[in-house]
Amino acid sequence: MELQEFWFVLIGVLFTGYFVLEGFDFGVGMLMPILGKASDTRRRVVLNTIGPVWDGNEVWLITAGGALFAAFPEWYASMFSGFYFALLLLLVALILRVCAIEYRGKIDDPRWRARCDLGIGIGSWVPALAWGWVFANIVRGVPLDADKQFTGAVAELFGPYALLGAATTGLLFALHGAVFLSLKTAGEVRADAVRIARWLLVPTAAAVGGFGLWTQLAYGTGWTWILVGLAVFGLLGGAAALFAGRDGWAFAGTALTVLAASALLFGALFPDVLPSTIDPAFNLTIDNASSTPYTLKVMSWAALLVTPVVLGYQAWTYWVFRKRISVEHIPPGIGLSPRVATEE
């Protein structure tokens, strides 16, 4: 395997890990208004399921973005020029989500918490939809000229395939989050999470099936049929486990579906990194978009040394915080009173 191929695969792994891990974080945030409608205690249960891990999950995106910039600078530059508004909106939504999670408990005021909950919802829904839209357009291709510059209009990026991609990631992350909540909660919250997950199964299966077949038939190759089969197997297996009350296997099934769907996108894209809809000769590929061999070599040694440490630490974090949470585990709210907050 050449260095360009190695880094394409590694970037695919990083984005796939981000979608699998941050995907259920987004799903939890998307479902928080529904599952936490009854009381603030229930909302705290839902939020606490991702409390110890959500910021660590976002490191996958930071690492993927850094690797993309360093290994394939032409891909990074052309993608950001074409999707500038969408990626800016996505970044603002992620920042809003971070601030809402971090500051939700700082002021003991229902109105303050309601605004933070709104921020968590927006910061979860927007990225969940945006990532599917962005990667669908990357696989489909964008109008790149001979200078590798985006020459189209934003409206061209809202075709049926891109919109179906957005719906697919939105529904899939919501289902992934609901199954994660069934695994991480107990009592009434778990029962409601299981019920919502069951409701989401049919529309999610329709979206994933339609988008997967469209991707495979239009852009895939022979071996990527394996990924389509894995996505279907994961969804069907997860559904069977959900109805059987096997929460761990249900989560493994939805995680496999997210993993296979992401791998399908990268598999359909290779060896291009950003196709041109104007002329295939203008395509960005792993060869003409990459950094110098020396840069890739140095990065490869750094990745081989650091990656196992990061993976080990994150696995340890998930093991430590593996227990279920219920409303009985949530202590009374502790925070600044409205009067103290106003005086400050």
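The values are calculated or read from the model by the stated rules, or taken from the named source; none is laboratory data. Source: prediction; values computed, not measured. Virtual Cβ from ideal backbone geometry, glycine too; neighbours counted across all protein chains shown. The protein model used for the area step is the full one, side chains on, heavy atoms only, and it has no ligands, DNA or RNA in it. Shrake-Rupley method; radii C 1.70, N 1.55, O 1.52, S 1.80 Å.
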Residue 266: passes all of (1) among the hydrophobic types (A, V, I, L, M, F, W, C); (2) closer than 21 Å to residue 221 by Cβ; (3) free of Cβ contacts under 8 Å to residues at least 12 places away in the same chain but (3)
Scanning region 287-305 for residues that are under 25 Å from residue 22 (Cα atoms) and without any contact (Cβ under 8 Å) to a residue 24 or more places away in the chain, the one least open to solvent (accessible area, probe 1.4 Å) turns out to be 302
(1) in contact with a Gly (Cβ under 9 Å, 6 or more places away or on another chain); (2) within 25 Å of residue 326 (Cβ to Cβ) all hold for residue 99 apart from (2)
When residue 283 is run through (1) closer than 21 Å to residue 60 by Cβ; (2) open to solvent by less than 80 Å² (accessible area, probe 1.4 Å), the failure sits at (1)
Would you call residue 218 part of a helix (DSSP H, G or I), out of contact with any strand residue (DSSP E or B) (no Cβ under 6 Å at 6 or more places or on another chain) and within 30 Å of residue 328 (Cβ to Cβ)? no
Note on residue 40: of the conditions (1) in contact (Cβ under 8 Å) with a residue 12 or more places away in the chain; (2) of a type outside the set (Gly, Ala, Ser); (3) under 30 Å from residue 287 (Cβ atoms), unmet is (3)
Exactly one of 187, 177 is over 19 Å from residue 264 (Cα atoms), among the small types (Gly, Ala, Ser) and within 18 Å of the chain's Cα centre (by Cα), and that residue is 177
**Report entry** Test result for residue 37, more than 30 Å from residue 157 (Cα to Cα), open to solvent by 40 Å² or more (accessible area, probe 1.4 Å) and touching a Lys or Arg at 6+ places or on another chain (Cβ under 9 Å)
**Finding:** yes
>> Given the condition of a type in the set (A, V, I, L, M, F, W, C), more than 21 Å from residue 275 (Cβ to Cβ), in contact with a Ser or Thr (Cβ under 7 Å, 6 or more places away or on another chain) and buried (at least 21 other Cβ atoms within 10 Å of the Cβ), answer yes or no: does some residue in region 40-52 qualify?
In response: yes
Exception for residue 168 within (1) closer than 24 Å to residue 240 by Cβ; (2) over 23 Å from the mean Cα position of the chain (by Cα); (3) of a type in the set (Ser, Thr, Tyr) falls at (2)
Report task. Could you tell me whether region 306-324 includes any residue that is open to solvent by 30 Å² or more (accessible area, probe 1.4 Å), polar (S, T, N, Q) and in a loop (DSSP other than H, G, I, E, B)? Result -> no
Of the conditions (1) surrounded by 15 or more Cβ atoms within 10 Å (Cβ to Cβ); (2) at pLDDT below 95; (3) under 15 Å from the mean Cα position of the chain (by Cα); (4) of a type in the set (A, V, I, L, M, F, W, C), the single one that residue 91 does not satisfy is (1)
Screening 253, 248 for residues that are surrounded by 13 or more Cβ atoms within 10 Å (Cβ to Cβ), assigned to a helix (DSSP H, G or I) and small (Gly, Ala, Ser) leaves only 253
Over region 294-315, the set of residues among the hydrophobic types (A, V, I, L, M, F, W, C), within 21 Å of the chain's Cα centre (by Cα) and modelled with pLDDT of 85 or more is 311, 315
Requested in this report: Report yes if some residue within region 123-132 is touching a Lys or Arg at 6+ places or on another chain (Cβ under 7 Å) and part of a helix (DSSP H, G or I); otherwise report no.
Outcome: yes
